[in-house]
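As structure tokens, the structure follows; a few thoughts come after it.
Nothing in this text is a laboratory measurement; each read-out follows from the coordinates by a stated rule. Model, not experiment: these values are computed from the prediction. Using ideal geometry, Cβ is built from the backbone for each residue, glycine included, and neighbour counts are taken over all protein chains shown.
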Amino acid sequence: MKQALPGTGMPSSNIQKSAPDRTSALPDDLLLHVMYFLTIQEAVQTGLLSRGWQNLWSSLMWLNFDAAKFSSMRTYRKFVNNALLCRSSLPEPVPLDAFWIYAVCDNSDDSLDYSDIHPWIRHAINNEAWALGIMKHSGPKPLSMEGYPFPFSSVYLKILGLSHCSIDDWFVQNLSSCCPVLDDQDLMSCAIHITMFSSTKLKSLTITSTQLTRDHPYLSSCCH
């Protein structure tokens, strides 16, 4: 026998079936604001809560993929690939503000190399991200872009953070010519092999755990 809820005279199962989906009625801007406080995995899972939440996460303009939140690098790689594929399949492109990758790249079988990361960078650049970070945790070899076209060409990119990456003259020359509005760069534990670093646009350059020969009169801030 079904039990009626107090004061209603109606079985509880009927109340549950007839209850309106109020979260679906909330404006998308409010739902997206809520998602900014979630991890990217949690944001994707909100699609199970309500019809109004389905794929709404793909309209987020700040994406932060942290490998530490996943059981394995293989799972992480698959998640990022699927997430970006979903964004690329939207009827209209959604621009990005910021895109960050936190990953362990230790050159083992269950690791990332630049062949994995390059298309992720291109997705961010093609979607007009103005802040981009590739935070690779320490491994035996720095992340090398050798053999690939320069990935950061953008008239929107203002902030670039790189960790444990290989930086050479080719990279610096392209950075200066292909990123006209870049004014803040952070290089952390990178393998830097350059003869000169020169730019008229860069205002802040932070370098940690390395040495750099620099010629940069326009910098308002430089830490190393």
Beyond 23 Å, what share of the Cα-Cα pairs of the stretch 61-180 is found? Please give it as a whole percent.
-> 28
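Given a Förster distance of 45 Å, report the FRET efficiency between ASP184 and GLU42 from their Cβ-Cβ distance, rounded to the nearest 0.05. Could the numbers behind the result be given before it?
Working: r = 29 Å, r/R0 = 0.64.
Calculated transfer efficiency: 0.95.
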Would you give the gap between the C-alpha center of the stretch 140-158 and the C-alpha center of the stretch 53-86, rounded to a whole Å?
-> 21
Compactness ratio of the stretch 21-60: Cα Rg over 2.2 N^0.38 Å, N = residue count?
-> 0.99
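List the equivalent ellipsoid semi-axes of the stretch 140-212 in whole Å, largest first, each obtained as the square root of 5λ for an eigenvalue λ of the Cα gyration tensor. List each step's numbers first, then the result.
Numbers: eigenvalues 66, 41, 26 Å².
Those come to 18, 14, 11 Å.
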With 0.36 nm assigned to each residue of separation and the Cα-Cα distance removed, ASP113 to ASN82 gains 9.4 nm
